[in-house]
Amino acid sequence: MGTKWYKIGLTPVEYYYLGSEQNFRRDESLYFAESEQIPSQTTVLGMLRYYMLKCARDTAGENLLGFDDAKKADRELLIGSRSFDFSSREAQDFGKLKRLTSVQLVNQDGHVFLKRPYNLVCNENGPELSENRNFKTYKLEKDGGNQAYFTAFSAKNNGRGQGYLEINPANKQVTLVDEATLFSRSIRTRVNKGKRTRTGGKNDDAFFKVEMYRLRPGYHFQFFAELEENVELDRSDIVFLGGYKSAFKLSVSPSTEKEVTDFKADIAASLNQSIVTENRFYYALSEIYVEGLADVDFSVNQKRYFRNLETQYNKQRYKKRENLGVLYDRASVFYTTNRFEIDHENSSQIGLNEWIEVEGKE
């Protein structure tokens, strides 16, 4: 059966918290929980699978929500039988949902906002970007006589990794914008219900702080989804994401494979036109999941730990299991004399492991 593409937008209508294992560990002594700014690929995958079940109920009158065994076969046909499993290299079957692209931040004019690459600084005299001049590059010999390099960090790194790059796809212009232009930030006080005194009251350790974000007006998150052509999605809805089930307005519009390809090509052209670099590198457009970086000579990255909760609906009592893993965060960069490739189709099909090759200009 043929497939079709949808462009999906997510606009938070309130402050949201998007957590991970690193943000808020199970260590009871942790006092402050930091939020991610951009929804993860596994978050939007789970949201979209649930949304597909809702659409099947509303448009076809098929109520596949819940865990009714009588509807099990129909539910698996639509969204697959299992939630995402990082340990699987082979592509999982998510029913009629075939592929997702990475979640990106955009505005109403179609400009794209990428996290600033961890190896770049912005020149004082203009928007041109270049490799951080506080880096000192050294050469070393690899096995087989091939030269590679590594970089020593300076103690002062000029705000490495802070801010976003605004890309105008029409003219390929790239400018640096501050996070405060895109997000408003709020710190809330929460109570850990599991911490009580012997008499059942709350103690002081039960309180903790949570960082939450909200997008400024005119901005939203966007990704593309490929589904079988007989699946119809409603045009709008309210969905709930994150640890506190924050409300997001979901919008859906038809798209094409060409629009998906052009979207990434415009980003690549813009970065290569604007970045000054002596060495080719690969920019992480999404989170990167890889079991090792044996072919990478050097990387400037931010690791993020996650706990993958996998639900198997084909097991009695809907068996669940947890896996702790590591992602390289978006905006991480990888240097290699070889071509940067990751053989992990299961991650790629949900929008992980997307990158841009940056050769830049002299």
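The values are calculated or read from the model by the stated rules, or taken from the named source; none is laboratory data. If you're wondering where the values come from, they're calculated on a predicted model, not measured in any experiment. Reconstructed Cβ throughout: ideal geometry from the backbone, glycine too, with neighbour counts over all protein chains shown.
Considering only segment 269-303, state which residues are of a type in the set (G, A, S) and under 18 Å from the mean Cα position of the chain (by Cα). Steps first, please.
First, pick out the residues of segment 269-303 that are of a type in the set (G, A, S): 269-270, 274, 284, 286, 292, 294, 299.
Listed by number, the residues that qualify are A284, S286.
Being surrounded by 12 or more Cβ atoms within 10 Å (Cβ to Cβ), in a loop (DSSP other than H, G, I, E, B) and of a type in the set (V, I, T) is a description that applies to V231. Considering the conditions (1) buried (at least 18 other Cβ atoms within 10 Å of the Cβ); (2) among the hydrophobic types (A, V, I, L, M, F, W, C); (3) modelled with pLDDT under 50, F150 is excluded by exactly one of them, (1). The set of residues in segment 329-362 that are at pLDDT 75 or above, in contact with a Lys or Arg (Cβ under 9 Å, 6 or more places away or on another chain) and under 27 Å from G80 (Cα atoms) comprises H344, E345, N346, S347, S348, Q349, I350, G351, E354. Within segment 208-253, the set of residues being in contact (Cβ under 8 Å) with a residue 60 or more places away in the chain and among the hydroxyl-bearing types (S, T, Y) comprises Y213, Y219, Y244, S246, S251, S253.
Could you grab me the full set of residues in segment 226-271 that are touching an Asp or Glu at 6+ places or on another chain (Cβ under 6 Å) and of a type in the set (S, T, N, Q)? Matches in segment 226-271: S246 only. When the residues of segment 163-198 are filtered to those that are farther than 17 Å from D266 by Cα and among the polar types (S, T, N, Q), the one that is modelled with the lowest pLDDT is T197.
Would you pick out the residues in segment 199-223 that are under 20 Å from the mean Cα position of the chain (by Cα) and at pLDDT 95 or above?
As a first pass, look at segment 199-223 and keep what is under 20 Å from the mean Cα position of the chain (by Cα): 211-216, 219-223.
Selection gives Y213, R214, L215, R216, Y219, H220, F221, Q222, F223.
When segment 86-98 is limited to residues that are at pLDDT below 85 and of a type in the set (D, E, K, R), the one that is farthest from I342 (Cα to Cα) turns out to be E90.
Out of segment 224-237, which residues are β-branched (V, I, T) and modelled with pLDDT of 95 or more?
First, pick out the residues of segment 224-237 that are β-branched (V, I, T): 231.
Those that are β-branched (V, I, T) and modelled with pLDDT of 95 or more: none in segment 224-237.
Table: residues versus (1) within 30 Å of F94 (Cβ to Cβ); (2) at pLDDT 95 or above; (3) of a type in the set (S, T, Y).
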| residue | (1), (2), (3) |
| --- | --- |
| V260 | yes, yes, no |
| I275 | no, no, no |
| R280 | no, no, no |
| L309 | yes, no, no |
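Reported count of residues in segment 43-64, each being β-branched (V, I, T), surrounded by fewer than 20 Cβ atoms within 10 Å (Cβ to Cβ) and at pLDDT 90 or above, is 1. Of the residues making up segment 264-273, those that are surrounded by fewer than 21 Cβ atoms within 10 Å (Cβ to Cβ) and in contact (Cβ under 8 Å) with a residue 12 or more places away in the chain are K264, D266, A268, A269, N272, Q273.
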